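The values are calculated or read from the model by the stated rules, or taken from the named source; none is laboratory data. Predicted model, so just to flag it, every value in this text is computed and none were measured. FYI the Cβ positions are ideal-geometry reconstructions off the backbone, even for glycines, and counts take in every protein chain you see. The area values use the complete protein model at the heavy-atom level, side chains included, leaving out ligands, DNA and RNA. Shrake-Rupley method; radii C 1.70, N 1.55, O 1.52, S 1.80 Å.
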Amino acid sequence: MEAYLDNAATTVVSENVKDIMIKVMSEDYGNPSSLHMKGIIAENYIKEAKEIIAKCLKVNEKEIIFTSGGTESNNTALIGCARANRRAGMHIVTSKVEHSSVSSVMAYLEKEGFEVTYVDVDKNGQVSPDKVKAALRPDTIIVSIMHINNEIGSVMPIADIGEAVHAFNKNIVFHVDAIQSFGKLKILPKKMNIDALSVSGHKFHGPKGSGFLYIREGVKMHPLIYGGGQQKGVRSGTENVPAIAGLGQAVRDAYENLTEKMDRLYDIKDKFIDNMLSLPEVYVNSSKGKEGAPHIISVSVPGVRSEVMLHSLEEQGVYVSSGSACSSHKQALSSTLAAIGLDKERIDSTVRFSMCDNTTEEEMNYAYETVKMLLPKVRILRRDKK
């Protein structure tokens, strides 16, 4: 049996998405900026994708900008808004558990002269609205907080944070990295006081290299890419129509029966957590129920390095991650796991199981049984090395 449980890293492209992308690439391949019929047909795919996304988020279509994915969306929002609003202040607030596509941008902005305050999280990896509020200053121009943490699945109280930020100063740009939450949780930017929202298509069965950025109308932002003035000059360059069409289809599919699909995942997740906690010297770093994400479970087996467990599982057809896929090649300790208070041994022994809406209870049971079977073997290896 095979169980692909690294869906927080990427998901398989769905048949619906694949079909529409092939059609665009082979039949409707015109440049959307061209004035002839081929161009108009291509442009219509972009318009339709915007309509689908705007309807799901209950926002205006002109507030959607297509990008190459989550990293570009985060970079565009943060750098673009920082540069456009620097006369109002040079202070930014974020958390200590952000994805590298946000934390690396913060490091860059600090070199540019901006001051960044990094807010602590609690033992569950959640950011408190009160701590964000306490970090705000008269010169704060941006607050950036992720919705779901990509390593442990903690869910941030985004609506409460947004309310606190705008109550302090309605001109502060509240940016949310929704790369792990879009297609899993209901997101309504207007009600949640979100000014900018980053999304990546390949996290919910869309193609890699696809994504979008929601920017509330009226938010000042400088473009990072200049050229032909596409997308109203916010993001120049010929649009990737096949990817955009695929993204639109993926969004449509993700929001169909969303609540029912996620309730099923919550049930599977909680059973898996209970099973893992029944094993000796195994710890779960993710919260049960709706306190955590429906699809991410972080597990630590102290004394067994994450790479050993990962490859041992791989040999049995179970595919997991040793952390964030974007930084799994790095040797540095996870800032998220350190922020929730785990020691080095726990951090070094952590693997992430992550599901998608197609994951079955049978696959998760197989993963549990495989871990149970492997534990005596990998622990013998640990003792042999001492």
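Remark: segment 34-75 carries 48 Å² of accessible area per residue (probe radius 1.4 Å; ligands, DNA and RNA excluded). Dipole size of the chain about its Cα centre, with +1 on Lys/Arg Cβ and -1 on Asp/Glu Cβ: approximately 920 debye, rounded to the nearest 20. About its Cα centre, the dipole of segment 1-149 is roughly 560 debye, where the only charges are +1 on Lys and Arg Cβ and -1 on Asp and Glu Cβ. The long axis of helix 70-84 is offset from the longest Cα principal axis of the chain by roughly 50 degrees.
Computed from Cα atoms, the angle from the helix 258-277 axis to the main principal axis of the chain rounds to 30 degrees. Measuring nothing but protein heavy atoms, the accessible surface of the chain at 1.4 Å probe radius is 51 percent carbon and sulfur.
How much accessible area per residue does segment 132-281 have, in Å², with a 1.4 Å probe? Don't jump to the answer; show the numbers that get you there.
Working: 5550 Å² over 150 residues.
That works out to 37 Å² for each residue.
Here the Karplus relation 6.51 cos²θ - 1.76 cosθ + 1.60, evaluated at θ = phi - 60°, turns the backbone of segment 209-214 into coupling constants of x, 10, x, 8, 10, 8 Hz, with x for every Gly and Pro.
Computed about its Cα centre, the charge dipole of segment 221-349 is approximately 480 debye, with only Lys, Arg, Asp and Glu carrying charge at their Cβ. Over the chain, dividing the summed -39,500 (n - 2.57) contributions of all DSSP H runs of at least 4 residues by the number of residues returns a 222 nm mean residue ellipticity of -13000 deg cm²/dmol.
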